[in-house]
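Quick note: the coordinates plus some simple rules give every number you see, no bench work behind them. Because the structure is a prediction, the values reported are computed rather than measured. Here the Cβ positions follow ideal geometry from the backbone for every residue, glycine too, while neighbour counts run over all protein chains shown.
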């Protein structure tokens, strides 16, 4: 089981690798910009229930809103630079650019997590290293 930090980072990295940048941006808007679920949902083409679900997962992984806010503030600007490894074929199918497997969009994150663990871990460790070197977060990590 991953630590709270690594678990959140893995969650965000998987979203980016799966091409779900709007989810990561929505989480930033919620925790850092303090936007409402309704406003954020409209901005990113998601439902307010989806936003609440994503927020709930982050809260479960961090254990508090304050920790979540700090993590989102410092990690999302790093994570948002990750390029997706998937390409949508249509509204329900995507191709994994790492292994060329065609998959339903609903399971693409699970596919990346299970089949391409090494890449996910590489990104997570890389983000942790960048955070450790940050003068803003000295002593926090």
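Eigenvalues of the alpha-carbon gyration tensor of the range 4-137, scaled by 5 and square-rooted, set the equivalent ellipsoid semi-axes at 24, 20, 12 angstrom, largest first. When shorter helices are ignored and each DSSP H run of at least 4 residues is given -39500 (n - 2.57), the per-residue value for the chain at 222 nm works out to -19500 deg cm²/dmol.
Structural descriptor for the range 21-141: relative contact order 16 percent, calculated from alpha carbon pairs under 8 angstrom and at least 6 residues apart. Note on 86, 42: ascending count of other Cβ atoms within 10 Å places them as 42, 86, the fewest first. Using a 7 Å offset from Cα along Cα-Cβ at residue 69, what residues in the range 27-46 end up with backbone N under 15 Å from the label point? Label zone hits: 28-36.
Residues 134, 3, arranged from fewest to most other Cβ atoms within 10 angstrom of their Cβ, appear as 3, 134. The peptide list 65-73, 13-21, put in order of mean Cβ contacts within 10 Å with the highest first, becomes 13-21, 65-73.
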